[in-house]
Every structure is written in structure tokens, then in C-alpha cells.
Amino acid sequence: MGLLASVAAQTASAADCPGHPDAIGTSRTLVVDPRAYPVIGTMQYRKTLPLQEREVVLTFDDGPLPKYSNEILDILAAHCAKATFFLVGSQANANPEGVRKVRDAGHTVASHTQNHPGGMDRLPLDRSRQEIEQGIASVTAALADGTAPAPFLRIPGLRRNDGIEEFAASKGLQLWSADFLADDWRDVSANRVYELAMQRLERKGKGILLLHDIQPRTVAALPRILRELKARGYRIVHVVPATPERPATPTEPRQWQLHPAPDLVATSRWPKVPKFAFAGPAALPVPALSDLDWHTTDLGGRAARRGRGILLPPVTLWSRQTMLPPVGTLAALPVPAAGIFKIPEPTFASALASAARRATTVAQARSTEVSSAKLGGKSHRHRRAAAAQPPASAGQAAQEPQHADGTAPKPAAQAKRNGRSVRVAGLKKR
């Protein structure tokens, strides 16, 4: 049935183009509300126009340029195909007649800024706003009938940013991206433009095609593109804005997706609410004492026999069966007795006394070791000095000088003077 409807639509479109039986025609007109969907085009956004499979929307940027824009209009007229033209404001000022030709041919006139800045996303927001507003004003002046262009806007090079999108939405403008390109602004051949347009359309299945009406390669490739679109069963859709006299075409939100998931896919996904069987509160059996790897039947007695530790109350064996309280009931645990935390006074006092005795014994031992080390060092130095002093004869002892009080000088001072004189004599000899 879908194929028959497609054939019927193509037949009707061709019938509406007298004198051109091979024309692809325009299958239908799509009326959209820009405020409902402010951004479209899957090259940058998640939404696009609500097209059916194998439907194409033709768009042209950067005109009007008389040499090539007029040829594009003639080709479209020969195929009775309608398109959307995003016109540059400065071009409209230079060629206002070309703007009116686009309108009079039944195409949609839209805006493409005033001067076509290449890096509009890097411009200050005030400058971007000025570009948008002046572009609309220039196209409005070129129309010269008191009407404004359609509230459709395309940013040059698709160089959008958040500020531009917010400003466009505040003005009620619908920001158009694209679904696929043909690279006709590059230095490629017309055959390459045709190949890219068809290859990318086949991968998408439908969508918005972006072309330029100021390029000679586009003029050469467009007739072949239109013929191939018809041969492969594609259809041309014309898009216009909604007005109070012309309401928007009824659509569903899922239709604004390029390839919405079919209704049958939802059944294969996981349910939103899991259907798990939640078990109720189970009463688990209490483990028996014999199942444990250690025994606590006589912990208190063993601690008492060893004479250390804290006496614990007798251990009560676990019962084989225990009734759990109902769910939501708070369990009241018994308060521990104050006697558990008390340490017997004799045990604590004896521990302190023993520690003090050990500290006194260690201090006395260290003091004795230090005194012995000092005495040993002094005796050792005296023995070394006596061994180094040669024995003196009786005559030498009688000739040793004495102080006025009859005492002999100190050996250390004498040795110091003798040593100093010897070193001086040695230096004099050398």
C-alpha cells in the first residue's frame, strides 16, 4: 500500500507539471510551526523535519547570484520541484530582483545572515545578533511587498553556538541544519557532487539536502540528481511556515526523529518495572554450639584458674529454636552490668608496684654502668701517660728546676715546653 501511495503521489506531481512528463514534481507541502521545534537537522541535532521514508527537502544557500541562481530556478521549474532558499542579506541588497524571482516561483524565502561570516560561532553575541537581524531586514526590503521572509534561519557553515540558538528561539526563528551534504562548495566535479548526494541520501533514507545556488558545479549536477531521485522512488517535499490562516501539519513527536523506533521494538526491551518475586522475612534456624570450631563452655572457669583476666558470667548455651520478633519490631538488648567494667583493686595495685620496681632496677643498672665507664676511661689515660714518660736518672732528677717554694714544676707543663723547643730547633736546622 505504501508503494502504491508513492506511485500515486509521483503520478499526481508529474501531472501538475505540464510539458514535462519526466518531472519529479512536488509530492506534498509540509507546514511547520517554528516555535514548536526551534532546531532541526540531524547533522547537529536530534530532531529533523517529520518526513516519511524516501522524502527529500531541497535547500539552497548563499544566493541570489544572477548568473547561477537563475539557472537553478529554471531547472527546478522544469521539474516542478519546490525548494527553500536561504538568502544572504548583502546578496539581496545587490540583487533584489533575484529575491523576488525566488518568491514568484513559489519557493520558500529564508535568511542566511547579512554578510555570511565564516566563523560565526566565534563572534561576540552582539555581532551575531546584528548579522541575523540585518540579514532579515535586507531580504524583507528586497521583497518590497511588506512581507518578511519565512522564520527559517541557517547559520553559515552551520557554525552555531548556544547563544545563537537562544537568540533565534527568542525571535521565533527555526534554526535549520541539514541531514546530508553534497560538498558542492568544494573544488570537486559535478559528477562528484551527484555521487555524494545520492550515496549519502541512500544511507539516510530521507532528509534535508544542503546545496548552493551560486556554484557552477551545482547547476551541472542538479538535473541529474532530480532525475535519479525520481528513478529511485524519492519524492520532493516543500516546507512552509505556519500562519493563522494555514495551521501546521498534524504530526507526532516521534515523527521528528530521522528513524524513530517502531512500536514493536518496545516489547523487546526490559520492562520499566522489574517483575521480581520478593521473598518475605524468613526465620533462619539458630546455629548449634556444636557446629562451631571453638568451645566456650568453660571460659569463665579457665580464666579464674589462671588468675588473670576478667571473670565472665557463665556462658549460656544457645537454644536450638528461637522465635524471631515480628518485622518492624525493634529488639531491646540487655544493658551490660556495671561490674563487668571494674578491675579488682589488688590486681591493679600489684601491677603498678611491679612496674615501679622494674623501672627503679633499670635506672640503677644504667647509673652503675655510666660510673664504671668513666672510671675506666681515667685509669686508661693515666696508664698511657706513664708508659710514654721515659725513666729519669738520679742526676737528672737532682738538676730539675724547682719553684721558689721548693716544689717541682708539673710534668705536663715541662713536657709542653720541651716539645715546643725541639720543634723550633728542628725548623732552624732545616
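Among 355-362, 84-91, what's the highest-first ranking by average C-beta atoms within 10 angstrom per residue?
Values: 355-362: 9.8, 84-91: 24.9.
Result, highest mean Cβ count within 10 Å first: 84-91, 355-362.
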R200 paired with A77, simple spin-label distance in nm, labels 7 Å along Cα-to-beta-carbon: 2.9
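Based on the mean of other Cβ atoms within 10 Å per residue, sort peptides 32-39, 153-160 so the most packed one is first. Kindly include the intermediate steps, with their values, before the conclusion.
Working: 32-39: 18.2, 153-160: 19.8.
Highest mean packing first, the order is 153-160, 32-39.
Counting each pair of different Cα atoms once, what's the Kirkwood radius of segment 32-112 in Å, rounded to one decimal? Each step should come with its number before you reach the end.
Numbers: mean 1/r = 0.0720 Å⁻¹.
Kirkwood hydrodynamic radius for segment 32-112: 13.9 Å.
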Accessible area of K82 in the full protein assembly, 1.4 Å probe (Å², nearest 10): 60
Heavy atoms of D16: accessible area, 1.4 Å probe, square angstrom to 10: 120
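If you wrap a convex hull around the C-alpha atoms of segment 67-221 and split its volume per residue, what is the figure in Å³? Mind showing how you got there, number by number?
Working: hull volume 18.3 nm³, N = 155.
So the per-residue Cα hull volume is 118 Å³.
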Reference-scaled alpha-carbon Rg (2.2 N^0.38 Å with N residues) for segment 69-158: 1.09
List E53, E166, ordered by accessible area with a 1.4 Å probe, largest first: E166, E53
Hull-based mean projected area of segment 176-257, where the convex hull spans the alpha carbons, in square nanometres: 6.8
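The values are calculated or read from the model by the stated rules, or taken from the named source; none is laboratory data. The structure displayed is predicted, hence computed values, not measured ones. Positions of Cβ are backbone-derived with ideal geometry, glycine not excepted, and every protein chain shown enters the neighbour counts. When the accessible area is computed, the model is the full protein with side chains, heavy atoms only, and any ligands, DNA or RNA have been set aside. Shrake-Rupley method; radii C 1.70, N 1.55, O 1.52, S 1.80 Å.
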